[in-house]
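We did not get these values from a lab; they are worked out from the coordinates using the rules stated. Fair warning: this is a prediction, and the values are worked out from it, not measured in the lab. Positions of Cβ are backbone-derived with ideal geometry, glycine not excepted, and every protein chain shown enters the neighbour counts.
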């Protein structure tokens, strides 16, 4: 039995046992998670992402190797720990996925619409973004998070993201803050990070993207926001929308000083 | 950017950052006064006259059952308390929504998979009794949590049409019926 199957077994057991055994099953899962760190399936996405980065694709038959993620064309190492950031060539703040779209359009000649077609993977319909995000972020493993707000547009993005974080709406009156602004709380048995507090904000941000065992997919930070908004009963977050970037700026900045450590593996 | 400018900019940005999908229309971003006043970090304390106003306006929105009976069937109430779906764009609007009370509250001794955003409600009825006044408070609390505590994190289940009158009777019974596992 490989590690993944054992993990699935442990999860099934936890579900069956319910009642008094649930807590110890949660501890078991934490142990499996630790074991899995040695062989995180995210590596499959990372390898595919690196291929995609180097492959000549699109109408211009070009690779992404000249893409400037902020540290100069083609420099990937450590780039993600400084994102989102202001890009002068586009005169706007961009997160990783937005920058990838920009490069697909400008370097590879894809139309905007074609570039954003499959933001998230499901089953056999794989997403290039999740693969690229896995590879690019893996190249920042060990780097300190250091998103700078010195540019006025970064400051503005942060302020908008902060407002969005506390914005209550929808049928349930939920905001991000409902679930993520007090320490030590949980939903059912799931621990909720307090994203307004330094240690939790660092841990919560620096462990995405993540391979989700329960979904068998690698999930990007754009996906994390998309799915939390779904649970918040909001409409559907647009991939690489200005709001998604602003919220990412807010959270990435709050994680400043934390050591980036993703792609991770999660429940 | 001043605080007010930031709020206005954020709203404009949000309006452009979502797609309507299924039952989740863009009007979910249109805040009522309560939502707008409560869009603040928990560390910010609103002045008492503001919280008083929020509670008053929400209390006025509570609708009590037309037949005057507030206690339904606790067995059904338990199912509603367990049920987590409803109102998400991924949910079928034809199916009834749940209350998902266990997401935030301990309720029975048997169910240990409970969240801690709200206080424990274990033995709620045993501790408070089952008087007319308690029934009315419990009903009002589930119908509109902010009638009794401004900016509560608890959804306003009746006011927002998440749960029906019948469903609320059932969860009130779960809390107050002496034979409910909440009170064992």
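Structural remarks
- Residue A:207 out of contact with any helix residue (DSSP H, G or I) (no Cβ under 9 Å at 6 or more places or on another chain) and more than 11 Å from chain B (Cβ to nearest Cβ): yes
- Pick from region A:227-245, criterion surrounded by fewer than 22 Cβ atoms within 10 Å (Cβ to Cβ) and either closer than 19 Å to residue A:163 by Cβ or within 7 Å of chain B (Cβ to nearest Cβ) (or both), ranking: nearest to the chain's Cα centre (by Cα): A:228
- Test result for residue B:134, on the phi < 0 side of the Ramachandran plot, in a helix (DSSP H, G or I) and touching a residue at least 12 places away in the same chain (Cβ under 8 Å): yes
- Top-ranked residue of region B:16-38 - restricted to ones that are under 30 Å from residue B:96 (Cβ atoms) and in contact (Cβ under 8 Å) with a residue 12 or more places away in the chain, ranked as farthest from the other protein chains (Cβ to nearest Cβ): B:33
- Boolean, residue B:41 is free of Cβ contacts under 8 Å to residues at least 12 places away in the same chain, surrounded by fewer than 18 Cβ atoms within 10 Å (Cβ to Cβ) and closer than 30 Å to residue A:189 by Cα: yes
This table checks each residue for (1) closer than 19 Å to residue B:58 by Cβ; (2) within 14 Å of chain A (Cβ to nearest Cβ); (3) in contact with a helix residue (DSSP H, G or I) (Cβ under 6 Å, 6 or more places away or on another chain); (4) surrounded by fewer than 19 Cβ atoms within 10 Å (Cβ to Cβ).
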residue	(1), (2), (3), (4)
B:114	no, yes, yes, no
B:138	yes, no, yes, no
B:145	yes, yes, no, no
B:167	no, no, yes, no
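- Residue B:161 free of Cβ contacts under 8 Å to residues at least 12 places away in the same chain and either surrounded by 20 or more Cβ atoms within 10 Å (Cβ to Cβ) or under 25 Å from residue A:173 (Cα atoms) (or both): yes
- Subset of region A:228-253 [closer than 21 Å to residue A:155 by Cβ and outside any loop (DSSP other than H, G, I, E, B)]: A:242, A:243, A:244, A:245, A:246, A:247, A:248, A:249, A:250, A:251, A:252, A:253
- Within region A:77-103, the set of residues being farther than 20 Å from residue A:255 by Cα and not in a helix (DSSP H, G or I) comprises A:87, A:88, A:89, A:90, A:91, A:92.
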